[in-house]
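**Student:** Quick one: the structure is below, and I'll ask about it shortly.
The values are calculated or read from the model by the stated rules, or taken from the named source; none is laboratory data. Nothing here was measured: the structure is a model prediction, and the numbers come from that model. As a convention, Cβ positions derive from the backbone with ideal geometry for all residues, glycine included, and neighbour counts pool all protein chains shown. Remember, those area values only see protein heavy atoms, side chains included, never the ligands or the DNA or RNA. Shrake-Rupley method; radii C 1.70, N 1.55, O 1.52, S 1.80 Å.
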Amino acid sequence: MRVAYQWVDKASDILNNKIGLDAAGVKQSYQELLTEMSQQKQKAGTLSTAIDNFIKTTHNYWSGLFHCYEIEDFPRTNNDLEHAFGMLRHHQRRCTDRKVAPSSLVIRGSVKLACAIATKLHSFTASDLAQVDIHTWLELRSQLKKHHKARIEQYRFRRDPKGYLANL
């Protein structure tokens, strides 16, 4: 039974990646551990069914399990990701003096979240911002305008459905 706890500790160590392996290295180390666990699960005694469940669940999530190691400073857990969203909501409340996030967060949330994370990691200068590809920026602005227009149309429909449909 003790060996099962050692495997879980080893899995935690591999996923914490304190030695700084790349995504392929973490994936390989974790696969080796899973192979060891499946071959020697009888050593876990009464926890062998839990080992089977652990291996099955890991394989179910395998395709998305190691993306966080491919991108530097990418949130590894749901808690880390929730912290990023919480940070954005906190800043939005401070900027707007509202208790709830503004509706613009729905439209521009992807941009605002990326900006919030990027500015946390790096302080940008005017020369950094001047190097932005203007075509990509214009395309993004166009997409945001489409979303904004759709939100306005939804508001108009909710306010006066008959009048909205008559204008179509």
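**Student:** Each label point is 7 Å from the Cα along the Cα-to-Cβ direction; what then is the distance between the points at Met1 and Leu129, in nm?
**Tutor:** 6.1 nm
**Student:** If you line up the Cα atoms of the chain on their principal axes, what length do they span on each, largest first, in Å?
**Tutor:** Projected onto its principal axes, the Cα set of the chain covers 71, 48, 32 Å.
**Student:** Next question. Quote to one decimal, in nm, the extra length available between Val8 and Lys146 on full extension: 0.36 nm per residue of separation minus the C-alpha distance between them. Don't jump to the answer; show the numbers that get you there.
**Tutor:** Details: separation 138, 0.36 × 138 = 49.68 nm, distance 4.84 nm.
This chain segment gains 44.8 nm when fully extended.
**Student:** Calculate for the chain the 222 nm mean residue ellipticity that helices alone would give, adding -39,500 (n - 2.57) per DSSP H run of length 4 or more and normalising by residue count, nearest 500 deg cm²/dmol.
**Tutor:** -23500 deg cm²/dmol
**Student:** State, to one decimal in nm, how far the label point of Cys95 lies from the label point of Asp22, with both points 7 Å from Cα in the Cβ direction.
**Tutor:** Going by the 7 Å Cα→Cβ label model, 3.6 nm.
**Student:** Ordering Lys145, Lys18 by accessible area with a probe of 1.4 Å, largest first, what comes out? Please report the intermediate quantities before stating the final value.
**Tutor:** Numbers: Lys145 130, Lys18 180 Å².
Largest to smallest exposure gives the sequence Lys18, Lys145.
**Student:** Show Trp137, Trp7 ordered by accessible area, largest first, where the area counts protein heavy atoms only and the probe is 1.4 Å. Numbers along the way, then the final one.
**Tutor:** On the way: Trp137 120, Trp7 5 Å².
Reading off the accessible areas and sorting them downward yields Trp137, Trp7.
**Student:** Moving on to the next point. Report P(r) for the stretch 106-168: all Cα-Cα distances, bin width 5 Å, range 0 to the bin holding the largest distance, values in whole percent.
**Tutor:** Pairs per bin, as whole percents: 3, 14, 15, 18, 15, 10, 8, 7, 5, 4, 0.
**Student:** Relative to the longest principal axis of the chain, what angle (0 to 90°, nearest 10) does the C-alpha long axis of helix 134-159 take?
**Tutor:** Between helix and principal axis, roughly 70 degrees.
**Student:** Points 7 angstrom from Cα along the Cβ direction at His59 and Glu32: gap in nanometres?
**Tutor:** Distance between label points: 2.1 nm.
**Student:** As I understand it, the value is the acute angle between the Cα axis of helix 2-16 and the longest principal axis of the Cα atoms of the chain; what does it come to in degrees, rounded to 10?
**Tutor:** Helix 2-16 sits roughly 40 degrees off the main axis of the chain.
**Student:** Next question, about the same structure. Using alpha carbons only, how many degrees (0 to 90, rounded to 10) separate the axis of helix 23-39 from the longest principal axis of the chain?
**Tutor:** 40 degrees
**Student:** With every protein chain left in place, what is the accessible area of Arg89 in Å² (1.4 Å probe, nearest 10)?
**Tutor:** Accessible area, nearest 10 Å²: 100 Å².
**Student:** Here's a follow-up. With θ set to phi - 60°, apply the Karplus curve 6.51 cos²θ - 1.76 cosθ + 1.60 along the stretch 52-61 and write out the HN-Hα couplings as whole Hz, x wherever there is a Gly or Pro.
**Tutor:** For the stretch 52-61, the Karplus-derived couplings read 4, 5, 4, 5, 4, 5, 4, 5, 5, 9 Hz, x marking Gly and Pro.
**Student:** How big is the accessible area of Val3 in square angstrom, nearest 10, if you roll a 1.4 angstrom probe over the protein chains?
**Tutor:** 30 Å²
**Student:** Give the residues of the stretch 9-30 whose amide nitrogen is closer than 20 Å to a point set 7 Å from the Cα of Phe74 in the direction of its Cβ.
**Tutor:** 12-30
**Student:** Right, another one. Using the Cβ atoms and a cut-off under 12 Å, what net charge is assigned to the surroundings of Tyr69, where Lys and Arg are +1 and Asp and Glu are -1? Spell out each step's value before the answer.
**Tutor:** Working: positive: Lys27, Arg76; negative: Asp22, Glu70, Glu72, Asp73.
Within the 12 Å Cβ shell, the charges total -2.
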